[in-house]
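Novice: Okay, handing you the structure first.
The values are calculated or read from the model by the stated rules, or taken from the named source; none is laboratory data. Note that the structure is a prediction, hence the values are computed from the model and not measured. Note that each Cβ is placed from the backbone with ideal geometry, even for glycine, and that neighbours are counted across all protein chains shown. All accessible areas refer to the heavy atoms of the entire protein, side chains included, with ligands and DNA or RNA removed. Shrake-Rupley method; radii C 1.70, N 1.55, O 1.52, S 1.80 Å.
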Amino acid sequence: MKILVTISALAISMALMSQSVNAKDYIITAHGVKNDSTKIQTEAIQKVIDKAEAAGGGRIVVPRGTFLSGALFFKPGTTLHLENGGCIKGSDEIENFPLIPSRMEGRSIYYYAALINAYHVDGFEITGPGMINGNGLKYWKQFWALRAERAKIKKSCTNLEVHRPRLVFIWGCDNVKLSGPTLCNSPFWTTHFYQCKNVIIENCRITAPREPVRAPSSDAIDLDVCSDVIVRDCYLDCDDDGVCIKGGKGVYANRSSENGIVENILVERCTFGPNLHGTLTLGSECVHARNIEVRDCNVNTGTAILRLKMRPDTYQIYEKITVKNITGSSGTVIDMKPWKQFFDLEGSSEKPYGIVKDILIENVDVKVKSLGTIAGNPDDTVSNFILRNVNVEASDPRFECIYPDVKLENVTMNGKPVENPSLPNQ
């Protein structure tokens, strides 16, 4: 089986270069913004963005220094450049992030704006060696405190109940580029792309801590109804998923125009750090993922390299997924299991199921806790699923697979061949 990622780095680069870009720089301190890390300057920074748009566009430049802000909204023709030592730091007061039409957890809802927002800004860029710091500690503490209180009365706490902004939210933008910055300490998801095409994310460091307080649901990169995306030469280490494929959830999600496919995604030459819950994760809000490849990456995680979350309340198709040339250490190579968080059939008598096909994991050499699990919901189907040239050193020799169509070709664990346990006479 040969799966080709049809996306072309050259094609995306040419598309980005073809955008009409006004080269004028707007250094924020030259337009009324103070170099003062203690003062909220949302209004002053937004005025610089608006001024640039009115003049036909330009690059908003953050010089050395820390600039405290609430939600910023970039406009057509504007981009963001963070100079070395320059930092936009998010407010830790949610009132500085307005409640607006947005997209969260596979649903179109009103939610709080991110720190950096771009709605329908084709050619939007975030460049430079500086930083966007979400300043998430207060929000994380609030989340865990509410969760602890709910646990006392045996009730759950959803991700949306403690109001937390994302770091970067880009909606409906084509020809997007993130190149160079550090994105850290997001109160919620770190970067969220919704309905975007032709995206490059390169040379970024995207992190959120596990200690002294965990940064819950701080996904590094969320791709939600997006196509033609390259993620390359990045370091990803947040307290949730590394690259997460989204697109909608619920019984009727596959029939809604606000949801849709995520396709033509290439992740290469990236390093995945120890805080992650998944390296490449499909779900927990995903109706259709196609033509996705992760290659030439190093992992240093306690989680799965490929994680397929199978929702029994959502019709899902995962097809043409390739993971190859992976080294390092991880929790497992593959984790395909039912995912029932916030299960809701919405009063329907339907019985959604998943289709998993054309999956290839090859040339993987890692230390693991175990090889993993391939076992979805009872009505899920699996075909043309291959593990090839996979060598693991495992502390736990167990491997669960319930599908006879999963093929193991030259798979070894602790120096011994591994066979599919679902096949008869083994």
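Novice: Considering only the stretch 130-143, I want to know if a residue exists there that is open to solvent by 50 Å² or more (accessible area, probe 1.4 Å), at positive phi, in a loop (DSSP other than H, G, I, E, B) and in contact (Cβ under 8 Å) with a residue 12 or more places away in the chain.
Specialist: no
Novice: Could you pull out the residue among Lys34, Lys75, Lys39 that is among the charged types (D, E, K, R), in contact with a helix residue (DSSP H, G or I) (Cβ under 9 Å, 6 or more places away or on another chain), at pLDDT 95 or above and more than 29 Å from Val229 (Cβ to Cβ)? Walk me through how you get there before you give the answer.
Specialist: Values: Lys75 fails: more than 29 Å from Val229 (Cβ to Cβ); Lys39 fails: in contact with a helix residue (DSSP H, G or I) (Cβ under 9 Å, 6 or more places away or on another chain).
Result of the check over Lys34, Lys75, Lys39: Lys34.
Novice: Sticking with this one: Which of the residues belonging to the stretch 241-295 are surrounded by 22 or more Cβ atoms within 10 Å (Cβ to Cβ), of a type in the set (Val, Ile, Thr) and closer than 14 Å to Ile317 by Cα?
Specialist: Result: Ile245, Val262, Thr281, Val287, Ile292.
Novice: Would you call Val390 open to solvent by less than 20 Å² (accessible area, probe 1.4 Å), in contact with a Ser or Thr (Cβ under 6 Å, 6 or more places away or on another chain) and outside any loop (DSSP other than H, G, I, E, B)?
Specialist: no
Novice: Only one of Asn175, Asn198 is out of contact with any Gly (no Cβ under 9 Å at 6 or more places or on another chain) and closer than 18 Å to Thr79 by Cβ; which?
Specialist: Asn198
Listed here are the residues, each with its yes/no results for (1) assigned to a strand (DSSP E or B); (2) buried (at least 22 other Cβ atoms within 10 Å of the Cβ); (3) in contact with a helix residue (DSSP H, G or I) (Cβ under 8 Å, 6 or more places away or on another chain); (4) small (Gly, Ala, Ser).
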| site | (1), (2), (3), (4) |
| --- | --- |
| Glu53 | no, no, no, no |
| Phe67 | yes, yes, yes, no |
| Thr79 | yes, yes, no, no |
| Ala114 | no, yes, no, yes |
| Ala118 | yes, yes, no, yes |
| Val121 | no, yes, no, no |
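Novice: Considering (1) in contact with a Ser or Thr (Cβ under 7 Å, 6 or more places away or on another chain); (2) open to solvent by less than 80 Å² (accessible area, probe 1.4 Å), say which one Ile402 fails and leave the rest.
Specialist: Tallying (1) in contact with a Ser or Thr (Cβ under 7 Å, 6 or more places away or on another chain); (2) open to solvent by less than 80 Å² (accessible area, probe 1.4 Å), Ile402 fails exactly one: (2).
Novice: Another question, if that's okay. Say whether the condition of being part of a strand (DSSP E or B), more than 28 Å from Ser257 (Cβ to Cβ) and either touching a helix residue (DSSP H, G or I) at 6+ places or on another chain (Cβ under 8 Å) or small (Gly, Ala, Ser) (or both) is met by at least one residue in the stretch 173-184.
Specialist: Yes, the stretch 173-184 contains at least one residue that is part of a strand (DSSP E or B), more than 28 Å from Ser257 (Cβ to Cβ) and either touching a helix residue (DSSP H, G or I) at 6+ places or on another chain (Cβ under 8 Å) or small (Gly, Ala, Ser) (or both).
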